[in-house]
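Asker: The structure's right below; bear with me while I get my questions together.
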Amino acid sequence: MSSSASSAESLQEADSTIISQKADVKNYSMMTPAEKLSLCERRAQSLADSEEVGHIRHKNMHQKHMKYSVSSQQEERMSYLNCFLSMHQTLGSASLLLGNLAEAESSFQKAEIVMGDIVAQEAMGKEDRVGTAYEIFTNLARVYQRQGKPEKALSQCERALELLQEGAQLSRICCVYRNMAAIEQAQGHLDRAIEHLLLAHSIALSQSPGGLEGAQIAHSLALAYSSTSEPHHNIDSAARFFEERISVYRSALGPQDTLTLSAQDDFSHFLLLTGQQERCAEIQRESLAYKKSQFGELSAEVAKALQLIGGVEMTQGQMRHAHRTFKKCLDIVNLLFGPQHKKTKATHRTVDMLSQSPEVSERRKEGCLETRPPFCAVVSASEVASSMSDS
């Protein structure tokens, strides 16, 4: 039963009691002392009951008003806090993009404080809390990294990792490890960078075997292994990760895709550095047709491929092939950059040098002799010309 219904019943009871008491008053003079005392007690109780009902009514109305007022104030406060949180995050992101790192740091720190107030009021669910905190910690890590404060940046990454362990959010954990690897690698700590990348690679493969994210991490691992102070100890590991990336890109994107071709170029440079020239030339010859199709026959990418192939041919003593390849390269760079560009001049010097090699020079002499008309034809032509002039 509601409080309003019970209050109405109490008033009705009080009214009926008073009416009966009025009837008793008429016979009051005829009552005995004991009956008079009983009547007075009933009247006192009736008055008390009526006042209590009025007090209950007032109290209930006051409580409802207070409850509504507090609830309204709480909702309004949470609305303001959420607005401030969004504002600080947006301002921080904009400042970070514009390079105003001090403003970005201040904004993200304020956002963290506001988020703490909202969480303290139990006005934010776990999923929203984790997502918001992850964005703040990650952005602060970016700020500190660009400020040249790697230790602070890594500290924010550690906070993000600890936060993400609650929900086992593997994709975000993978991203944090990649960020940590980039920070460590920028400091020259390649061993630590490799550790983080291996963890990220393992997570990526567990989520999507043969996926593009795993291939991207494999590329980072290949570059890290090939950049260590003792690269010969890591040649096999670097080559394995280069080949993994190329294989995934070929399968997922196709052999003609720009990412696939770029991955092959990176691998080719690695092969040159490790003395595997023939393998480098083989990869470039295979990709040459795709580069012509993707970028055009007269493109910088095609010229670059020809330069790598010609360089390998030259180191292997194939001067005639190298001369032909570099001449094709020269035609392209001369058209793209002009005769005075350093690339054109360097390629021209290479062509001239190759032209002086015995194999090429002899071939050119043979070519000249082959194109020269026969001796009898020369004599006959001269005789004809002489006779024509005489006539």
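Asker: With Ser268, Ser287, Ser247, Ser262 as the choices, which residue is polar (S, T, N, Q) and touching a Cys at 6+ places or on another chain (Cβ under 8 Å)?
Answerer: Of Ser268, Ser287, Ser247, Ser262, the one residue that is polar (S, T, N, Q) and touching a Cys at 6+ places or on another chain (Cβ under 8 Å) is Ser268.
Asker: Report whether or not Phe242 is under 19 Å from Ala218 (Cα atoms), among the hydrophobic types (A, V, I, L, M, F, W, C) and in contact (Cβ under 8 Å) with a residue 40 or more places away in the chain.
Answerer: On the way: under 19 Å from Ala218 (Cα atoms): yes; among the hydrophobic types (A, V, I, L, M, F, W, C): yes; in contact (Cβ under 8 Å) with a residue 40 or more places away in the chain: no.
The answer is no for Phe242.
Asker: Also, quick follow-up: Pick out the one residue from Ala120, Ala133, Ala111 that is crowded, with 17+ Cβ neighbours inside 10 Å, farther than 22 Å from Ile183 by Cα and not polar (S, T, N, Q).
Answerer: Numbers: Ala120 fails: crowded, with 17+ Cβ neighbours inside 10 Å; Ala133 fails: farther than 22 Å from Ile183 by Cα.
Ala111 is the lone residue from the list that is crowded, with 17+ Cβ neighbours inside 10 Å, farther than 22 Å from Ile183 by Cα and not polar (S, T, N, Q).
Asker: Moving on. I'd like to check something: does the range 262-274 contain any residue that is under 21 Å from Lys328 (Cα atoms) and in contact (Cβ under 8 Å) with a residue 12 or more places away in the chain?
Answerer: yes
Asker: Any idea how many residues of the range 318-344 are more than 18 Å from Leu308 (Cβ to Cβ) and polar (S, T, N, Q)?
Answerer: Number of matching residues: 2.
Asker: Name the one entry in His189, His196 that is modelled with pLDDT under 95 and either touching a helix residue (DSSP H, G or I) at 6+ places or on another chain (Cβ under 7 Å) or surrounded by fewer than 22 Cβ atoms within 10 Å (Cβ to Cβ) (or both).
Answerer: That would be His189, the only listed residue that is modelled with pLDDT under 95 and either touching a helix residue (DSSP H, G or I) at 6+ places or on another chain (Cβ under 7 Å) or surrounded by fewer than 22 Cβ atoms within 10 Å (Cβ to Cβ) (or both).
Asker: Follow-up question, since we're still on this one. Among the numbered conditions (1) modelled with pLDDT under 90; (2) buried (at least 16 other Cβ atoms within 10 Å of the Cβ); (3) part of a helix (DSSP H, G or I), tell me where Gln264 comes up short.
Answerer: (1)
Asker: Oh, and also: Test Arg320 against the criterion of being farther than 18 Å from Glu359 by Cα and among the basic types (Lys, Arg), and give yes or no.
Answerer: No: the conditions fail for Arg320.
Asker: Taking the stated definitions as given, is Val248 surrounded by 14 or more Cβ atoms within 10 Å (Cβ to Cβ), β-branched (Val, Ile, Thr) and under 19 Å from the mean Cα position of the chain (by Cα)?
Answerer: On the way: surrounded by 14 or more Cβ atoms within 10 Å (Cβ to Cβ): yes; β-branched (Val, Ile, Thr): yes; under 19 Å from the mean Cα position of the chain (by Cα): no.
For Val248, the condition - surrounded by 14 or more Cβ atoms within 10 Å (Cβ to Cβ), β-branched (Val, Ile, Thr) and under 19 Å from the mean Cα position of the chain (by Cα) - is not met.
The values are calculated or read from the model by the stated rules, or taken from the named source; none is laboratory data. Please read these numbers as outputs of a predicted model, since none were measured by experiment. With ideal geometry, Cβ positions are generated from the backbone for all residues, glycine too; neighbour counts draw on all protein chains shown.
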